[in-house]
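A quick write-up on the structure given underneath.
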Amino acid sequence: EGVFADCTNLESVTIPESVTEIGEGAFENTPWLKALGDFAVVNHILLRYQGVEKDVTTPAGGVTEIGAGAFFGCMDLESVTLPEGVTKIGTGAFGKCKGLEDVTVPASVTTIDAYAFYCCINLEHVTIPEGVTSIGKGAFSCTSLQSVTIPASVTEIEWDAFDSCWEMEEIILPQSLAGQRFSNHNFKCLIV
């Protein structure tokens, strides 16, 4: 994380195809990252969204991972549509996107990492698509989240995945997760 952050003279980087993960903010505030444009994509990983649009559709064509912190702190972002083919939403990918109200998660996603939507204070409803198997710690720690639907494909929900969801009214989950403990808050769980 942050390994080359703020290297103000870094203008050229070669990353081999064998690299499958790049830590959060690894190239933050470098000329090289800025030169990649609004959607900084390397080895099929969206490293950073550098645009200012409120409604974003992530480009299709090879993006398989929304990298750690890719949209972190994009305060004005209200809506995002991820392309089919994305399999992972990285750690803190949408953390502190305080204006985010709507996110379309494609059916291809299998992993939602820790703190993926942490502190998205305007996010009210989430439908997690069939195919997701893992939801990380604090992934949906969103104070305004009111409802969430969890598919039968989910086999792991880490502790506090829905922490600080003060407005949560219900979680709809499959029978296989009936004994799952989400956090220390009281909300209705509907078993389907």
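The values are calculated or read from the model by the stated rules, or taken from the named source; none is laboratory data. The structure presented is a predicted model; accordingly, all values stated were derived computationally and were not measured. As a convention, Cβ positions derive from the backbone with ideal geometry for all residues, glycine included, and neighbour counts pool all protein chains shown. Side chains are part of the model used for accessible areas, which takes the heavy atoms of the whole protein and leaves out ligands, DNA and RNA. Shrake-Rupley method; radii C 1.70, N 1.55, O 1.52, S 1.80 Å.
Scanning the stretch 83-108 for residues that are in a loop (DSSP other than H, G, I, E, B), within 15 Å of residue 68 (Cα to Cα) and of a type in the set (A, V, I, L, M) turns up 86, 93.
Test residue 73 against the criterion of being under 21 Å from residue 115 (Cα atoms) and open to solvent by less than 90 Å² (accessible area, probe 1.4 Å), and give yes or no. Spelling it out, residue 73 is indeed under 21 Å from residue 115 (Cα atoms) and open to solvent by less than 90 Å² (accessible area, probe 1.4 Å). In the stretch 70-93, the residues that are on the phi > 0 side of the Ramachandran plot form Cβ pairs under 8 Å with partners that are in a loop (DSSP other than H, G, I, E, B) and open to solvent by 50 Å² or more (accessible area, probe 1.4 Å), at six or more places apart or across chains, as follows: 73/96; 85/60; 85/64; 92/24; 92/72; 92/115; 92/118. Please tell me if residue 99 is farther than 28 Å from residue 161 by Cα, touching an Asp or Glu at 6+ places or on another chain (Cβ under 9 Å) and among the small types (Gly, Ala, Ser). Judged against the criteria, residue 99 is not a match. Filter the stretch 116-154 for residues that are out of contact with any Ser or Thr (no Cβ under 6 Å at 6 or more places or on another chain) and aromatic (Phe, Trp, Tyr); which is surrounded by the fewest Cβ atoms within 10 Å (Cβ to Cβ)? This residue is 117.
Restricting attention to the stretch 8-33, which residues are in a loop (DSSP other than H, G, I, E, B), of a type in the set (A, V, I, L, M, F, W, C) and within 18 Å of residue 50 (Cβ to Cβ)? Before the answer, list the steps.
Initially, the stretch 8-33 is screened for residues in a loop (DSSP other than H, G, I, E, B), giving 8-30.
From the residues that got through so far, the ones that are of a type in the set (A, V, I, L, M, F, W, C) too are 10, 13, 15, 19, 22, 26-27.
Residues satisfying the conditions are 10, 13, 15, 22, 26, 27.
Quick check on residue 52: is it surrounded by 13 or more Cβ atoms within 10 Å (Cβ to Cβ), β-branched (Val, Ile, Thr) and assigned to a loop (DSSP other than H, G, I, E, B)?
Values: surrounded by 13 or more Cβ atoms within 10 Å (Cβ to Cβ): no; β-branched (Val, Ile, Thr): yes; assigned to a loop (DSSP other than H, G, I, E, B): yes.
Judged against the criteria, residue 52 is not a match.
Here are 171, 157: which of them is at pLDDT 85 or above, under 21 Å from residue 111 (Cβ atoms) and open to solvent by less than 30 Å² (accessible area, probe 1.4 Å)? The unique qualifying residue is 157.
Give me a count of the residues in the stretch 55-66 that are touching a Ser or Thr at 6+ places or on another chain (Cβ under 9 Å) and in a loop (DSSP other than H, G, I, E, B).
At the first step, the residues of the stretch 55-66 found to be touching a Ser or Thr at 6+ places or on another chain (Cβ under 9 Å) are 55-58, 64-66.
Subset that is in a loop (DSSP other than H, G, I, E, B): 58, 64.
Matching residues across the stretch 55-66 total 2.
Just so you know, in the stretch 4-34 the residues that are exposed (fewer than 12 other Cβ atoms within 10 Å of the Cβ) and of a type in the set (Gly, Ala, Ser) include one that is farthest from the chain's Cα centre (by Cα), and it is 12.
Looking only at residues in the stretch 138-157 that are part of a strand (DSSP E or B) and among the hydroxyl-bearing types (Ser, Thr, Tyr), which one is nearest to residue 99 (Cα to Cα)? Break it down into steps so the answer makes sense when it comes.
Residues of the stretch 138-157 part of a strand (DSSP E or B): 147-149, 156-157.
Narrowing further to those that are among the hydroxyl-bearing types (Ser, Thr, Tyr): 147, 149.
Working: 147: 18, 149: 22 Å.
Only one residue tops the list, namely 147.
Given the condition surrounded by fewer than 21 Cβ atoms within 10 Å (Cβ to Cβ) and more than 12 Å from the chain's Cα centre (by Cα), answer yes or no: does some residue in the stretch 86-93 qualify? No; the residues of the stretch 86-93 include none that is surrounded by fewer than 21 Cβ atoms within 10 Å (Cβ to Cβ) and more than 12 Å from the chain's Cα centre (by Cα).
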